[in-house]
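What follows is a set of notes on a single structure, which appears directly below.
What follows is calculated from the coordinates using simple rules that are stated; it is not laboratory data. Worth saying up front: this structure is predicted, and the values here are computed from it rather than measured. All Cβ positions, even for glycine, are placed from backbone atoms using ideal geometry, and neighbour counts span all protein chains on display.
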Amino acid sequence: MALTAAPAREPLLDALIGLVRAHAGERPFVLGLCGAQGSGKSTVAAVLVRRLRDSGTPAATLSLDDLYLTLAERRALAHSVHPLFATRGVPGTHDVALGLAVLGAFDRGEAFRLPRFDKARDDRAPESQWEIVPPGLRVLVLEGWCVGARPQAPADLLPPINRLEALEDPDGTWRTHANACLAGPYQHLFARLDALAMLAAPSFDVVLRWRTEQERALGEGAGMDALALARFVQFYERLTRHILDEMPHRADLVASLSPEREIVRLRKRETPSRRA
């Protein structure tokens, strides 16, 4: 099935294309696209890339989800740091070095492979299944639920934000380590963004509904009941709430969404800045 954009999202796509056109210079351009689970960012990124290609601009998408550590690596992290790191999601469960290697090849104008993660197996797909991007790519869209995120202040980590943290991370080891990873390696990855766009959910409360709809549509997590899915979303709650609070003030483009994912407001920074 061909990817299409709902008519209501045409202004967003036009704004994203304008952002790329206005700020793409001699070096390859990296657009960061952030949005909570189920917000539609993957579809928006895919349609944007297709339109850029149709207009003659070589473009591709790299999902932060495709940079997850392997299952074996996350199990090792769960053993050495905290059991909750066995579950993919928070900073610390991505292979940032792999992402930086992809961006390095992109910047050099070389051919490279786009990593792929198999969510059905909860493990990285074999490299033979990774898409090969030919030399000369001009635009790379880096999309993900925490792309461009900044760490929280240490004091904000102290009180648990939900039942998962209260019962399974009472001393804050898991969330503190995730925050430290976000403050360190992830900032090197996000520093390469030339522009940052955000799909802003109306609140975190709608994310569980969106994530449930997303799983049903994609056929993922067939064995995950409502309670298990609610627990899974709690892994993302702390940082999602933090992003919704602080990112709209600095993103180059913010699309505020309704609970039905309709765009209720589109705001652009008057003087978007190059982020290298």
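Some notes on this structure:
- Prolate/oblate/rounded call for the range 147-200, Cα gyration tensor, a/c under 1.5 rounded: prolate
- Translational diffusion of the range 1-155, estimated by Stokes-Einstein from the Kirkwood radius over alpha carbon pairs at 4 °C in a medium of 1.567 mPa s, is 77 µm² per second.
- With the gyration tensor restricted to C-alpha atoms of the range 133-224, the semi-axes of the equivalent ellipsoid amount to 27, 23, 13 Å, longest first.
- Kirkwood radius and radius of gyration were both taken over the C-alpha atoms of the chain, and their ratio Rg/Rh is 0.94.
- Table column - 3J(HN,Hα) (Hz), the range 186-203, Karplus curve with 6.51, -1.76, 1.60, x for Gly and Pro: 5, 5, 5, 5, 6, 5, 7, 5, 8, 7, 10, 10, 9, 9, 9, 5, x, 5
- Kirkwood estimate for the range 89-198, i.e. one over the average of 1/r between Cα atoms, Å: 16.0
- Value at 222 nm in deg cm²/dmol, rounded to 500, when DSSP H runs of n ≥ 4 in the chain each add -39,500 (n - 2.57): -12000 deg cm²/dmol
- Counting neighbouring beta carbons within 10 Å and listing from fewest to most, the residues 68, 236 come out as 236, 68.
- Relative contact order for the chain, counting Cα pairs under 8 Å that sit 6 or more residues apart, in percent: 25
- C-alpha center-to-center spacing [the range 168-215, the range 45-115] in angstrom: 14
- Computed over neighbours whose Cβ is under 13 Å from that of residue 98, the net charge equals -2, Lys and Arg +1, Asp and Glu -1.
- Relative contact order (%) - criterion: Cα under 8 Å, at least six apart; region: the range 60-173: 30
- On Cα atoms only, tilt of 10-23 relative to the major axis of the chain in degrees: 70
- Once the Cα atoms are used to define both axes, helix 173-183 deviates from the longest principal axis of the chain by about 20 degrees.
- Potential extension, residue 188-residue 122 segment - 0.36 nm per residue separation minus Cα distance: 21.2 nm
- Charging the Cβ of each Asp and Glu at -1 and of each Lys and Arg at +1, and nothing else, the dipole of the range 1-128 about its Cα centre rounds to 140 debye.
- Rounded to the nearest 20 debye, the dipole magnitude of the range 71-174 is 260 debye, with +1 charges on Lys and Arg beta carbons, -1 on Asp and Glu beta carbons, and the Cα centre as origin.
- Cα gyration tensor category, rounded, prolate or oblate, for the range 117-276 with a/c compared to 1.5: rounded
- Rounded to whole Hz, the Karplus (6.51, -1.76, 1.60) HN-Hα couplings of the range 83-100, x for glycine and proline: x, 5, 6, 5, 8, 5, x, 6, x, x, 9, 10, 8, 5, 4, 5, x, 5
- Segment residue 43-residue 180, length gained on full extension (0.36 nm per residue, minus Cα span): 46.3 nm
- Put a plus charge on the Cβ of each Lys and Arg, a minus charge on the Cβ of each Asp and Glu, and nothing anywhere else: the dipole of the range 131-276 about its Cα centre is then about 600 debye.
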